[in-house]
Amino acid sequence: MLNFDNTYNKLPSQFFKKSKAASSLNPQLVAWNDNLFQTLSASNKNLPLKDILSYFSGQSLIPGSEPVATVYAGHQFGHFNPQLGDGRALLLGEVLANDHRRYDLQLKGSGPTFYSRGGDGLSPLGPVLREYLVSEAMFYMGVPTTRSLCAVTTGQTVYREQPLPGAILTRVASSHIRVGSFEFFAAQGDVDNLQTLADYTIKRHFPENKKSNELLYWQLFLAIAQLQIQLVPKWLGLGFIHGVMNTDNTSICGETIDYGPCAFMDSYKSNQVFSFIDQQGRYAYNQQLNIVLWNLSCLANALFPLFLTECGHKAECIKKLESQFEVFSAQLEQEYLQVMCQKMGIFKAQPQDKKIVDEFLLILEKENQDFTNSFRELSYGKVKEADFEKKWLNRLGQQQESLEESKKLMQSCNPYLIPRNHLIQKSIEQSLAGDYTFFHLLNQAWQKPYEQNLKYKDLSLPPEKHEEIKNTFCGT
Ligand code: AMP
Ligand code: MG
């Protein structure tokens, strides 16, 4: 059924603790991603409902699964915490999938582990539904992300400010190695295990680096950095605010991970923040590129002992890093500009295009316009400001591609539908009242975000004043 081939649990004992899921009382299925299961599964047989419920609620073990909770550290809102780890998650193991790739399978909300630090290891239904919806929508919008295979309610009550139904999400990821995984061993001065983790990461995620055999760890750092530089500008292009870009939530394989208080903005505001816990705006929309650099500097710090073995002189190594960060910074700007230019129908961004992008964004901000819909309208050629329209058409006229080709490009990267906050909220409220119809409708609609399907017109509209969501919560 699922072809397990576990490697992380063969690493030294400091990397994880063997663990078990708390047994669910009365699991009920909320969502099952059969498409994803068919990719993961070695046979094309369907999994009977009773097995789905039993395996993905933690009641019984899937043959081949050897569950562990993994350890990591992390910088949370700028402050280092030397000991985090899977406190409400359980790595079931690694599956060799039909697409010849290896995936981690993880239960989230399956009870306490060695790393729970006083937490209950459980998850209420709301955050599980949110992560299920948004991670799948991200996938269909074309952004690297962890995915959701299954959501079940457990029959157990989870106590937060109020009693809530407990739930478990089965998350699928290329791996769960984070910047914080490296920081854990670095902070302990455990260079042996740091190197073991680096070697493991190279073998698992960047095997082509191994062949060059030169500056292995430096190359590893560059490769991880490139994936972040590719990823985060895509978020900006969609108006996505992650909300908790801590280093323990920064996946080294470049996938969006941990959909806690994340949100897509409706009307454009450059420094938009939704997360209630982010009072300082550290992870505001327009801070996210800077935070990539900040998080990469944490990774560089952690890997530094390994760089030294390759580079020799400390001062030389630091100099090299400094100039590398200038390169990263320029790359991020360039990548961001390219993403935004394509949204405006410009195939190849030129440095001077920053002006036209900024001008459009300024109009949106001043007029409180919806980010997603304004770009979508632009892709139909609709612009409100005559002055701006002239400049824009003039710019499009300078490229070889026709206006029609530009519009096509724009419609392929300006979504018609995004996971709007108020819709997620409404689906959670209805689900908590026992009606999952709207949750499933959203899940279905968001599989084709770039298609203008009038059947879903309501889902494309920004919230009415009374529907607006100002704050999002981790809800863990
Ligand atoms: P997050 O930033 O939400 O990814 O979580 C940060 C850390 O807190 C991770 O190590 C989690 O495992 C842990 N954590 C969050 N919620 C809980 C919970 N309910 N019980 C135990 N640990 C938790
Ligand atoms: Mg996390």
Sorted peptide list for 75-84, 51-60, criterion being average Cβ within 10 angstrom, highest first: 51-60, 75-84
Nearest-0.05 FRET efficiency for CYS474 and GLN280, computed from C-beta distance (R0 25 Å): 0.95
Taking all pairs of distinct alpha-carbon atoms in segment 344-413, Kirkwood radius in angstrom: 12.3
Under-5 Å amide H pairs with THR250, H placed in peptide plane, nonlocal only: VAL179, GLY180
Projected label distance in nm at ARG117 and LEU25, using a 7 Å step from Cα toward the beta-carbon: 2.9
Prolate/oblate/rounded call for segment 421-467, Cα gyration tensor, a/c under 1.5 rounded: oblate
Label-to-label distance, nm, for residues given as PHE347 and LYS10 (7 Å Cα→Cβ offset): 4.8
Whole-number percent relative contact order across the chain, with pairs defined as alpha carbons under 8 Å at least 6 apart: 15
Environment charge of ALA173, counting only residues whose C-beta is closer than 13 Å and scoring Lys/Arg +1, Asp/Glu -1: +1
Leading residue at positive end of dipole, the chain (Cβ point charges), from LEU11, GLN338, GLY118: LEU11
Spatially proximal lysines relative to LYS320 (Cα-Cα < 22 Å; intrachain offsets below 8 disregarded): LYS210
Local net charge near TYR259, Cβ-Cβ under 12 Å (Lys/Arg +1, Asp/Glu -1): 0
Full-stretch length increase - LYS355, ARG102 - with 0.36 nm per residue and alpha-carbon distance subtracted: 86.8 nm
Distance violations [Cα-Cα > 20 Å] among LYS355/LYS384; LYS343/LYS470; LYS408/LYS448: LYS343/LYS470
For segment 257-274, 3J(HN,Hα) per residue [Karplus equation, 6.51 cos²θ - 1.76 cosθ + 1.60, θ = phi - 60°, Hz, x = Gly/Pro]: 9, 6, 8, x, x, 5, 6, 9, 7, 8, 6, 6, 9, 4, 10, 4, 9, 10
Disulfide-incompatible cysteines by the Cβ rule (no partner under 4.7 Å) in the chain: CYS150, CYS253, CYS262, CYS298, CYS341, CYS413, CYS474
Total charge dipole magnitude, segment 344-413, about the Cα centre, Cβ charges on Lys, Arg, Asp, Glu only, Debye to nearest 20: 140
Around LYS355: net Lys/Arg minus Asp/Glu count, Cβ-Cβ under 11 Å: 0
Rounded FRET efficiency, nearest 0.05, which uses the C-beta distance separating GLU316 from GLU367 and R0 of 45 Å: 0.30
Computed lengthening from ASN3 to HIS422, 0.36 nm per intervening residue step minus Cα-Cα distance: 146.9 nm
Qualifying lysines (Cα of each under 21 Å from Cα of LYS17; at least 8 residues distant if same chain): LYS108
Spin-label pair LEU432/GLU405, simplified geometry with 7 Å Cα→Cβ offset, distance in nm: 5.1
Given charges at beta-carbon only (K, R positive; D, E negative), |dipole| of the chain in Debye: 400
Descending semi-axes in whole angstrom, ellipsoid equivalent of the chain, from the Cα gyration tensor: 35, 30, 20
Segment LYS384-GLN38, extension gain: residue separation times 0.36 nm, minus the distance between their alpha carbons: 119.9 nm
Protection proxy ranking, peptides 112-125, 189-202, average beta carbon neighbours within 10 Å, highest first: 112-125, 189-202
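Each reported figure results from applying straightforward, stated rules to the coordinates on display, with no laboratory input. All values derive from a computational prediction rather than experimental measurement. Counting neighbours? That spans all protein chains shown, and the Cβs are built from the backbone with ideal geometry, glycine included.
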